[in-house]
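Accompanying notes for the structure given below.
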Amino acid sequence: MVVVRDLILGKTKFGEFLESPEKITTNILTERLKRLESMSLVERSLYQNNPDRYEYHLTPIGCDLHGVMDALKQWGLKHLNPNRNA
């Protein structure tokens, strides 16, 4: 979900994902991007040669996760917000 969140927020490059506060490791990030790509949620495109560097974007199917991620955010704000009145 962290990678999908970052894609929704506009991150596209490998290094940008590594800068997230969760501090995901490179091997885990690589595996997750490959898994998301294999599920047709993410597509990658070459933006630089020598060395090859790729950008990642949500596919139309992946974009359908916007609503899901927003619902999770709203749930967290409602139920996990330490400042809410009990």
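The values are calculated or read from the model by the stated rules, or taken from the named source; none is laboratory data. Everything quoted here is computed from the prediction, not taken from an experiment. When we count neighbours, we look across all protein chains shown, and the Cβ atoms used for this are built from the backbone with ideal geometry, even at glycine.
Structure notes:
Rundown of residues vs (1) within 14 Å of the chain's Cα centre (by Cα); (2) polar (S, T, N, Q); (3) farther than 15 Å from PHE14 by Cβ, yes/no style:
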{"site": "GLU37", "(1), (2), (3)": "yes, no, no"}
{"site": "ARG53", "(1), (2), (3)": "no, no, no"}
{"site": "PRO60", "(1), (2), (3)": "no, no, yes"}
{"site": "HIS66", "(1), (2), (3)": "yes, no, yes"}
{"site": "ASP70", "(1), (2), (3)": "yes, no, yes"}
{"site": "GLN74", "(1), (2), (3)": "no, yes, yes"}
{"site": "LYS78", "(1), (2), (3)": "no, no, yes"}
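- Verdict on SER45 being exposed (fewer than 13 other Cβ atoms within 10 Å of the Cβ), hydroxyl-bearing (Ser, Thr, Tyr) and in contact with a strand residue (DSSP E or B) (Cβ under 9 Å, 6 or more places away or on another chain): yes
- Within segment 64-86, the residues that satisfy the criterion of being surrounded by 12 or more Cβ atoms within 10 Å (Cβ to Cβ) and either of a type in the set (S, T, N, Q) or in contact with a strand residue (DSSP E or B) (Cβ under 9 Å, 6 or more places away or on another chain) (or both) are LEU65, HIS66.
- Condition met for ILE61 (loosely packed, with under 13 Cβ neighbours inside 10 Å, without any contact (Cβ under 8 Å) to a residue 60 or more places away in the chain and of a type in the set (A, V, I, L, M, F, W, C)): yes
- In the set (1) surrounded by 12 or more Cβ atoms within 10 Å (Cβ to Cβ); (2) in contact with a helix residue (DSSP H, G or I) (Cβ under 7 Å, 6 or more places away or on another chain), the condition left unmet by SER40 is number (1).
- Every condition in (1) of a type outside the set (A, V, I, L, M); (2) in contact with a helix residue (DSSP H, G or I) (Cβ under 7 Å, 6 or more places away or on another chain); (3) in a helix (DSSP H, G or I) is met by ASP70 except one, and the failing one is (2).
Results for (1) at pLDDT below 95; (2) under 14 Å from VAL2 (Cβ atoms), shown as yes or no for each residue.
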| site | (1), (2) |
| --- | --- |
| PHE17 | no, yes |
| SER20 | yes, yes |
| LYS23 | yes, yes |
| MET39 | no, no |
| GLU43 | no, no |
| PRO60 | no, no |
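- Hits in segment 38-74 - residues which are out of contact with any Leu (no Cβ under 9 Å at 6 or more places or on another chain) and β-branched (Val, Ile, Thr): VAL68
- Residues satisfying the stated conditions in segment 1-36, i.e. surrounded by fewer than 16 Cβ atoms within 10 Å (Cβ to Cβ), part of a helix (DSSP H, G or I) and free of Cβ contacts under 8 Å to residues at least 40 places away in the same chain: VAL2, GLY15, GLU16, LEU18, THR26, ASN27, ILE28, THR30, GLU31, LYS34, ARG35
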